[in-house]
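First the structure, in the form of structure tokens, and then the observations on it.
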Amino acid sequence: MEVMPVVLFAAFVGMVLGLSFYFAGQAKSAAGYYAAGGTVHWFVNGIAFAGDYLSAASFLGICGMIATAGYDGFLYSIGYLAGWIVALFVVAEPMKRLGKYTFTDALDAKFNSKGIQLAAALSTIIVSLFYLIPQMVGAGVLITPLLGLPHYVGVIIVGIVVITIVASAGMTSTTYVQFLKGGLLIIFSTMLVIATLNRGFTTTPDQGGKVPFYKYATLTACVNDGAITPDDTAWQFAGVREEGGNSLVKLVNSGKTSWWQKEVKADSSQILLHETQYMVQKADGSTIVNGNPGSPENALRPVGNLESIRGKSGVEALSGPVGPFEFLAAIGHPDTRVKGWKPIKFSEDTDSVTVFVSELTAGNRILRPGLKFKVEGSWLQKLDFISLMLALFLGTASLPHILIRYYTVPSPAAARKSTIVAIAAIGAFYILTLFMGLGAMTSGTINLLDNNMSAPLLAKSFGVFLFSAISAIAFATVLGTVSGLIVAASGAVAHDLMDRYLGLNLTEHRKVRAGKISAVVIGIISIVLGILFKGMNVSFLVGWAFSVAASANLPSIIMLLFWKRTTASGIIASIIVGVTSAMTMILLSPSMFKLYGLNPSSAPFPMDNPGIFSIPISFAALIIVSLMTQPKQEQMPEAVTA
Amino acid sequence: MFHKPADQGGKDPAATFKTALGVKMFIGYALVYAAFIGINVVSPLSMETEVFMGLNLAVAYGFGLIILALVMAVIYNQTCNNKEAELAGSPETKAE
């Protein structure tokens, strides 16, 4: 465990806890606890928006996805940012005018319906929990390299700190934690990108001399009596297997086993065996990594480098400092070759084996869509991609933890201005993600077992300080977003369900206490979920949260604002249909089947992103039910606005 | 009894104008965004085309969408500010 990351992390946690206790005295009223008294300055609120929104998914997940899938990861950045247009142009001011503490308040302003209160509150809780999972997974991902502790410890630490932040001063402390985190994230990400550009390119990245570049071996071989025999007689053939279109050859040298990837040269039929990395999980729980027992000292080597830059390699490929356009142009050049790695998993006797084989990809392929999203595939795969981009576009303006931030500013104009600050800050950050992700891809800093750590590990290649600062900020990223989510979810429980739906008519003091107790319970649930979902790419999970939010909430918001015939029953139907349809499709999707340990191709719903179906279904439910439940003219309610 | 909202800022005479402007600008941006998705799906290879300072269409369009969002946001805000100021000084508003 290194000292500096621990010190910076402890300093940040100490600072946010100090802030929370300082503000605790200001959160004695319900307005103070749930909406920071509605007195936050629009600029602070705008940066806090960025702090709220730029979650672990944005920072860890997107950078990790760009590091391994190139441009396809950046598509998330584009979709997330575009969603703010919906928030600004359509939702911001009306939400501010209609609501008080929660998203439910706004939906219910016109109707005062118990059904809306219940449905919208449950929708808020479900969406917040969906969004909480990736944040907590991200916390666990960070803790191991930062503090040397297991994944679950990170999840528990974040859970406890966030519960303390929210339970002490609610939205006030959450706002300033998010403001600090949003500002620091953008400043240090900019520093990391400048350092990356200043270092330039090499085909033999050695992390500034700290980690020697590892040159993977290639053996020539021939076939003798069915056995693949290396020309170097130190290696003996021990077997071959075909896995996922790859031919893997097992060799033994001095009693040590290793796996090699077989390639047959098209022009000469020469057999080449390329060195791989591999990990064997034994039945007794022990692991073998690259032939030796796994340990902190013997872990899988970090990967990712350029094999050639514009057709050049070695010394002549050294670039020195490069500008941002040159950086992208060089990586995207057709004669640039990026060495990536993919896992191949299989069982051998009682052992679970994962072999990581390398593959070269042309630069022009890296910087266009297609490595992750099969935009050149079947119509179903294209539809899946469209569905994701639709959910990202429409999801932002449907996220309860984002919507409640409109209640922390004093006026609709301030809500509008803070959204513009948010767009500027978030847009700038998302542009940086492309440079950070590609920097990790080409600097030998990708962890084969978890690409979520790509940005912090890129920072580590520049020294302990930047790594420590970036890791502490990444942790702060989780804290800021999780705080906002828990405020939203606890508001739904205490304000929407207990106070309004159940009609408990809580006093100000009891309302605040109910919010704090709810925050503790939701925090504990999020800890459990964060441990259960360990190992999934966090950005991927957030994509699902966007689908559920866009399906459950957006149709109601839009139709309430723009269709006068919308009824309370229509809104309730839309929320219920939106949540259930989106969740059902996700639970029956190929990715979830993989998580269940089942064959993904047997999944009943053949896509991973349900938005393109569930959002229209939710709109349709609202329209049909509203038309069926039109009140008589004299019963038409008016929205309560100031 | 209805649940009253937090905003007590009084009636906003520019609300109708801002809503209409917001919808128009939203549709404009949505069309540009839809075109981006359309190119990705229909002709992904064209995203490799170099268009600006060595950047390909995919990167340039992506950056363009982010920058366009900010530019449109600033225009929207300024237009709303102007309308709010104009209506704040109008006789009808003063009469209220």
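The values are calculated or read from the model by the stated rules, or taken from the named source; none is laboratory data. Computed from a predicted model, the values in this text were never measured in an experiment. When we count neighbours, we look across all protein chains shown, and the Cβ atoms used for this are built from the backbone with ideal geometry, even at glycine.
Some points to look at:
- None of A:ALA35, A:ALA10, A:ALA67, A:ALA48 is in contact with a strand residue (DSSP E or B) (Cβ under 8 Å, 6 or more places away or on another chain) and of a type in the set (Gly, Ala, Ser) except A:ALA67.
- Scanning the stretch B:34-71 for residues that are closer than 24 Å to B:PHE17 by Cα and either among the acidic types (Asp, Glu) or within 7 Å of chain A (Cβ to nearest Cβ) (or both) turns up B:ALA69, B:LEU70.
- Total residues in the stretch A:568-598, condition assigned to a loop (DSSP other than H, G, I, E, B) and modelled with pLDDT of 90 or more: 2
- Residues in the stretch A:301-348 that are in a strand (DSSP E or B) and farther than 20 Å from A:SER454 by Cα: A:SER308, A:ILE309, A:LYS312, A:GLY320, A:ILE344, A:LYS345, A:PHE346, A:SER347, A:GLU348.
- A:LYS339 being among the charged types (D, E, K, R), modelled with pLDDT of 90 or more and not assigned by TED's automatic domain parsing to the domain that holds A:LYS262: no
- Segments classed as helices (runs of 4 or more DSSP H), wholly inside the stretch A:20-111, with at least 3 members that are surrounded by fewer than 24 Cβ atoms within 10 Å (Cβ to Cβ): A:42-53
- Count - residues of the stretch B:22-33 that are more than 8 Å from chain A (Cβ to nearest Cβ) and surrounded by 14 or more Cβ atoms within 10 Å (Cβ to Cβ): 2
- Meets criteria (of a type outside the set (D, E, K, R) and either over 21 Å from A:GLU376 (Cα atoms) or surrounded by 13 or more Cβ atoms within 10 Å (Cβ to Cβ) (or both)) for B:VAL42: no
- Considering the conditions (1) away from every other protein chain (no Cβ under 14 Å); (2) surrounded by fewer than 17 Cβ atoms within 10 Å (Cβ to Cβ), A:ASP335 is excluded by exactly one of them, (1).
- In the stretch A:168-212, the residue that is farthest from the chain's Cα centre (by Cα) out of those that are basic (Lys, Arg) and in a helix (DSSP H, G or I) is A:ARG199.
- Criterion (touching a residue at least 40 places away in the same chain (Cβ under 8 Å) and either away from every other protein chain (no Cβ under 13 Å) or of a type outside the set (Gly, Ala, Ser) (or both)) met by exactly one of A:ASP349, A:ASP384: A:ASP384
- Residue identified as aliphatic (A, V, I, L, M), at pLDDT below 85 and part of a helix (DSSP H, G or I) among A:ILE165, A:ILE116, A:ILE126, A:ILE157: A:ILE165
- In the set A:PHE188, A:PHE179, only one residue is buried (at least 21 other Cβ atoms within 10 Å of the Cβ), in the same structural domain as A:ILE431 (by TED's automatic domain parsing), over 30 Å from A:GLU316 (Cβ atoms) and modelled with pLDDT of 90 or more; that residue is A:PHE179.
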